[in-house]
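Comments concern the structure below.
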Amino acid sequence: MAVMATTVPDAIRQTTGVGNVPCANDAKSVMHADLEVYRPDYPGAVTGSWVKVGDLDLRWSPRCQTNWARASMFADTTMIAASVTQSTGYTMRRQTNGWWGGSSSGVYWTNMIYSPVAACRAWVEGGSFRTSSTGWR
């Protein structure tokens, strides 16, 4: 299973060059999606129901004018990657584990995309999620 990220990775600690303030310090979630999977026999759930196993957020730093994706997983899934895509097609992708291994619970961050004008969205691959993407912003 994937190694759980418990601290903000170097990619998120990018600085503005003004007092070395990290871009993530003023970050906020601007789009959100619940990550739910269909579990016929999930412990503690009604048989044959959709169960929330994580949150997907498109993050934005007004100071640095960057976007990135954050997938916060509460349970092991078959998710293989989290990505942030700009409307230009430019994408930053974070593979969460091997192609067939899925993901352990934990927080997964992509690198930032400088995007002062172009719209972005966060999305995940694999996992058979009911919704696998945020909207564009």
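Which percent of the accessible heavy-atom area of region 55-127 goes to carbon and sulfur, probe 1.4 angstrom?
Working: 1560 of 2910 Å².
Here carbon and sulfur together make up 54 percent of the probe-accessible area.
Could you tell me which chymotrypsin sites (Phe, Trp or Tyr not before Pro) in region 50-95 are loop residues by DSSP with no more than 13 other beta carbons within 10 angstrom of their beta carbon? Walk me through the numbers before you get to the answer.
On the way: sites: W50, W60, W68, F74, Y90; in loops: F74, Y90.
Filter output for region 50-95: F74, Y90.
The values are calculated or read from the model by the stated rules, or taken from the named source; none is laboratory data. None of these values were measured; they are calculated from a predicted model. Because the Cβ atoms are built from the backbone with ideal geometry, glycine has one as well, and the counts that use them run over all protein chains shown. Each accessible area value is taken on the protein alone, full model and side chains, heavy atoms only, with ligands, DNA and RNA left out. Shrake-Rupley method; radii C 1.70, N 1.55, O 1.52, S 1.80 Å.
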